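The values are calculated or read from the model by the stated rules, or taken from the named source; none is laboratory data. In this text, all values refer to a predicted model and were calculated from it rather than measured experimentally. Note: ideal-geometry Cβ built from the backbone for every residue, glycine included; neighbour counts use all protein chains shown. Remember, those area values only see protein heavy atoms, side chains included, never the ligands or the DNA or RNA. Shrake-Rupley method; radii C 1.70, N 1.55, O 1.52, S 1.80 Å.
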Amino acid sequence: MINFQEAINLIKENINRITPEETVPLALCSNRVLSQDIVSNEDLPLFDNSSMDGFAIRAEDVTEASVEWPKELQVIGESSAGKNFEGLVNINQSVRIMTGAKIPEGSNAVVEVESTSESDGIVSIRRSVQYGEMIRKKGENIHSGDISIPKGKLITSSDVGVLASLGINNVPVRTKPIIGILSSGNELIEPYKIPLENQIRNSSASAIYTAINESGGEPIDIGIAKDNKIDLLDKFEIGLRYDILITTGGVSMGKYDLLPEVLKEMGVEVLFYKVNIKPGKPIMFGTYKEPNAETCYVFSLPGNPVSSLVTYKLFVLPAIKLLLGDNSNQIKIKAILLHDINKNDNKKYFIRGIICNNEDGELTVRSTGTQSSGALISMSLANCLIVFDEESTGGKIGEKVNVIML
Ligand code: AMP
Ligand code: MG
């Protein structure tokens with residue numbers, strides 16, 4: 001048995017390819033991973049413009065202006081967003097200006113409308129103004145030639161906004177890795193069926209399917225294999241053609257746990273089987289290579305739905321990110337433990353937890369209660385995993401503990 005970090009290292013060492021590139025329309029690029037740096041060939045903003053509604057002026061005309069002694073300027077026109085003022089602002093002149101409108105030639109600052117009063121073509125300015133005040137300079141947001149979004153980033157709604165503002169309507173992204181989900185177990189039935197007393201609904205496949213979508217992969221449900229070799233081998237034939245094959249169930253030590261045998265028979269090279277963690281110990285990772293085809297990465301996850309989901313998060317998600325070239329980091333945080341948690345073995349623990357702010361705004365965390373790996377509802381309650389390393393003996397109330405967000 002290997003420990004958690006060794007398992008992660010083996011995954012990193014063995015996944016040494018990235019999916020090909022494709023181009024998708026702007027409207028469809030969110031939650032995809034950028035395959036190229038986005039380099040702007042324009043300045044943003046494209047022209048100096050006003051950050052306030054007010055008056056475009058020459059700062060040197062109002063150096064003495066105050067509430068007691070306002071400075072009067074002639075209003076020679078108007079510049080609004082979408083309609084420029086074409087003339088020149090000369091000494092003691094001003095132009096009424098709106099937010100986003102182009103700064104008229106000759107002016108060098110804007111004074112907000114609140115510090116002015118206007119009547120009969122004259123505006124009184126009640127304060128002095130710095131050069132460049134209230135002006136958004138050309139290129140201050142993005143400079144032409146700059147990398148505005150780096151490759152490897154999972155595209156968010158804000159990124160979509162940046163892409164739109166740069167006029168990038170076709171976005172270069174990594175193709176989604178295709179990920180097969182093969183459930184195994186004689187007792188499993190599809191969720192729409194009514195279970196007999198010896199049956200349970202297949203919950204893991206739907207949960208993992210959704211998780212894959214969230215991770216930027218393309219899930220394919222291969223269905224349920226019975227606990228016999230013929231059915232398993234049959235469905236493996238399909239699954240091994242994908243970038244990743246996830247199987248659930250059948251990897252423990254029971255009489256009908258046939259996965260280890262089937263993997264061997266199919267020619268999957270097993271890189272690890274069993275990791276020193278809880279939950280999820282009997283997880284298996286391997287590779288399958290056929291001539292002239294890409295390597296398929298195989299993860300056989302334990303059947304208990306909680307174990308399946310936790311090991312998905314811990315091992316499969318990093319694998320998907322490697323295939324996508326997604327270089328975002330898993331954020332680890334610390335939170336104050338609200339009760340004692342005992343640990344008396346040398347496994348690494350991932351305890352389903354609920355993290356929230358206390359009245360002082362500090363992060364606190366408690367366990368969801370039962371940590372039975374069959375209790376799927378606890379996974380639904382959890383918004384994080386509390387992590388205890390191998391050598392830890394648990395945590396005491398008030399202690400700061402390591403947490404990863406779900
Ligand atoms: P196994 O690893 O096959 O021995 O399964 C361990 C436990 O998880 C058993 O109680 C199974 O019935 C249950 N189980 C296995 N696969 C699934 C699944 N896809 N959905 C829900 N429960 C499952
Ligand atoms: Mg089973």
Quiz item: Which one of the conditions (1) away from ligand 1 (no atom under 14 Å from the Cβ); (2) at positive phi; (3) under 29 Å from the mean Cα position of the chain (by Cα) does ILE333 fail to meet, given that it meets all the rest?
Solution: (2)
Quiz item: In this structure, does ASN186 turn out to be more than 25 Å from THR19 (Cα to Cα) and surrounded by fewer than 17 Cβ atoms within 10 Å (Cβ to Cβ)?
Solution: yes
Self-check item: GLY398 in contact (Cβ under 8 Å) with a residue 24 or more places away in the chain, of a type in the set (Gly, Ala, Ser), closer than 17 Å to ILE336 by Cα and open to solvent by 30 Å² or more (accessible area, probe 1.4 Å)
Solution: yes
Self-check item: Criterion (of a type outside the set (Phe, Trp, Tyr), more than 17 Å from LYS347 (Cβ to Cβ), more than 27 Å from the chain's Cα centre (by Cα) and away from ligand 2 (no atom under 16 Å from the Cβ)) met by exactly one of LYS274, LYS264
Solution: LYS264
Exercise. Those residues that are among the polar types (S, T, N, Q), open to solvent by 20 Å² or more (accessible area, probe 1.4 Å) and either on the phi > 0 side of the Ramachandran plot or in contact (Cβ under 8 Å) with a residue 12 or more places away in the chain (or both), I need them from the range 1-60; list them, please.
Key: ASN3, ASN14, THR23, SER30, ASN31, GLN36, ASN41, SER51
Exercise. Within the range 359-382, identify whether any single residue is of a type outside the set (Gly, Ala, Ser), within 30 Å of GLN36 (Cα to Cα) and modelled with pLDDT under 95, and answer yes or no.
Key: no
Quiz item: Has the range 158-179 got any residue that is open to solvent by less than 50 Å² (accessible area, probe 1.4 Å), under 25 Å from MET379 (Cβ atoms) and touching a Leu at 6+ places or on another chain (Cβ under 9 Å)?
Solution: yes
Practice problem: Kindly establish whether ASP227 is modelled with pLDDT of 95 or more and open to solvent by 40 Å² or more (accessible area, probe 1.4 Å). | Solution: no
Quiz item: Do you know which residues across the range 271-301 are part of a strand (DSSP E or B), closer than 17 Å to ASN14 by Cβ and β-branched (Val, Ile, Thr)?
Solution: VAL275, THR287, VAL298
